[in-house]
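One structure below.
The values are calculated or read from the model by the stated rules, or taken from the named source; none is laboratory data. Nothing here was measured: the structure is a model prediction, and the numbers come from that model. We place every Cβ from the backbone using ideal geometry, glycine too, and count neighbours over all the protein chains shown.
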Amino acid sequence: MSLIDDLEQLEAQARELVSEASTEEGLEAARVALLGRKGELTGLMRMMGKLAPEERPLVGRRANEIRAAVESLFNSRMEAMRREAQERRLAAEAIDITLPGTRPAIGHQHLISQIIEEIEDVFCGIGYTVESGPQVESSYYNFTALNAPTDHPSRSARDTFYVVDNAPGSVSHPEEHAHGESDILLRTQTSGVQIHTMETQEPPIYMIAPGRVFRPDTADASHLPQFNQVEGLVVDRGITFGDLKGTLDHFVRAMFGEDRRTRYRPHFFPFTEPSCEIDVSCGVCHGEGCSFCKHSGWIEILGAGMVDPNVLMNCGIDPEEFSGFAFGAGVERIAALRYDLPDLRTLMTGDMRFLAQF
Ligand code: DAH
């Protein structure tokens, strides 16, 4: 019965190999060596043919038992190894879904953009359109068409950033060329959008034009070399100073509160006649006088006036038929008044601790 001994020895050897194998590859190699087509068990099985016929059933049954036992030994070890590998992988990749996540930082509009939108809402609510014009502008649109005399001090290089000085053939206005003048500059005011609008649209015009303007000022608490204005223009039949006053009173109260009073002071602008500056009653002392309003009870907020007939004529609009009013406000100034900002530069620095408050 040495064949049975050999088979039992093979089984013992299998147990040893299975317990020694530390990798799936090692276990598979051992299985092939014992159970494969050229493996030891196959070799032993072949020897059955040499047994006496009466021995065959007994040895055959034992051989089958051993083969089944050895196969299941390998199979269950392989399964266990795979399970362990899987568990190791899952453990390594585990994500603790109970940990707090990383909140994405969600941005929001800059204070200046918020205020511009608020102003747009006020004027769109009474039927105005929102217009825009180029920031790089010709002196015709920034000054000449707005009735500014050629020697007006604001035209000097101390008050205006020039891009191209007297360069013929640039994007200036034909009339400007005729005057031998075609300067290109960074616009110092949004008032030039009045001209662009009147050149491209027929009255009635009811528009505002928010946008960036530039001046060679050194930044300090109350000045920025680059800031935002909102221009306004109305041109229609029969427009009077009463329309200007009613409209701007509405605007000031919508922006600062229904309890605010307004004051219209005579002033001069080249493009309006008559012109005025508009003050709003101080929100801190309600007109009593305090350090915020420099003890006057009033805070200057807008420039405005009735559109000068020369400006209408420069745009081909008959001042006998149409009249209008215009106004301009500084957006950073409105922000400073609304939120009592001590330094306009904070609006430009990008410091999130400041900006996130609004
Ligand atoms: N452009 C003026 C400025 O920058 C503001 C202004 C005043 C605009 C009166 C107007 C206006 O349209 O009528 O100071």
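Miscellaneous remarks
- Any hit, region 134-149, residues being in a helix (DSSP H, G or I) and out of contact with any helix residue (DSSP H, G or I) (no Cβ under 9 Å at 6 or more places or on another chain): no
- Pairs meeting the criteria (first residue in region 244-269 and part of a loop (DSSP other than H, G, I, E, B), second residue hydroxyl-bearing (Ser, Thr, Tyr) and buried (at least 16 other Cβ atoms within 10 Å of the Cβ), beta carbons under 9 Å, at least 6 apart or on different chains) are 259/281; 260/281; 261/281.
- Identification of helices (runs of 4 or more DSSP H) wholly contained in region 294-358 with 1 or more residues that are within 16 Å of the ligand (Cβ to nearest atom) yields 309-314, 331-339.
- Among the criteria (1) within 12 Å of the ligand (Cβ to nearest atom); (2) over 28 Å from residue 215 (Cβ atoms), the one residue 231 does not fulfil is (2).
- Criterion (within 60 Å of the chain's Cα centre (by Cα) and surrounded by 15 or more Cβ atoms within 10 Å (Cβ to Cβ)) met by exactly one of 99, 27, 90, 7: 27
- Positions within region 45-70 being under 18 Å from residue 34 (Cβ atoms), loosely packed, with under 14 Cβ neighbours inside 10 Å and either in contact with a strand residue (DSSP E or B) (Cβ under 9 Å, 6 or more places away or on another chain) or charged (D, E, K, R) (or both), in sequence order: 46, 65
- Taken across region 212-228, residues that are assigned to a helix (DSSP H, G or I) and either touching a residue at least 40 places away in the same chain (Cβ under 8 Å) or buried (at least 18 other Cβ atoms within 10 Å of the Cβ) (or both) do not occur at all.
- Within this structure, residue 195 passes the test of being at pLDDT 95 or above, within 13 Å of the ligand (Cβ to nearest atom) and assigned to a helix (DSSP H, G or I).
- Residue check for residue 62: of a type in the set (D, E, K, R) and at pLDDT 90 or above: no
- Selected residue (criterion: nearest to the chain's Cα centre (by Cα)) from residues of region 10-24 that are of a type outside the set (A, V, I, L, M, F, W, C) and not in a helix (DSSP H, G or I): 23
- Restricting attention to region 274-293 and to residues that are charged (D, E, K, R) and assigned to a strand (DSSP E or B), the residue that is surrounded by the fewest Cβ atoms within 10 Å (Cβ to Cβ) turns out to be 277.
- Residue 240 being modelled with pLDDT of 95 or more, within 16 Å of the ligand (Cβ to nearest atom), exposed (fewer than 14 other Cβ atoms within 10 Å of the Cβ) and within 30 Å of residue 309 (Cα to Cα): yes
- Close pairs (7 angstrom Cβ cut-off, 6 or more residues apart or separate chains): closer than 18 Å to residue 256 by Cα and modelled with pLDDT under 95 in region 289-314, hydroxyl-bearing (Ser, Thr, Tyr) and crowded, with 20+ Cβ neighbours inside 10 Å anywhere: 297/281; 298/281
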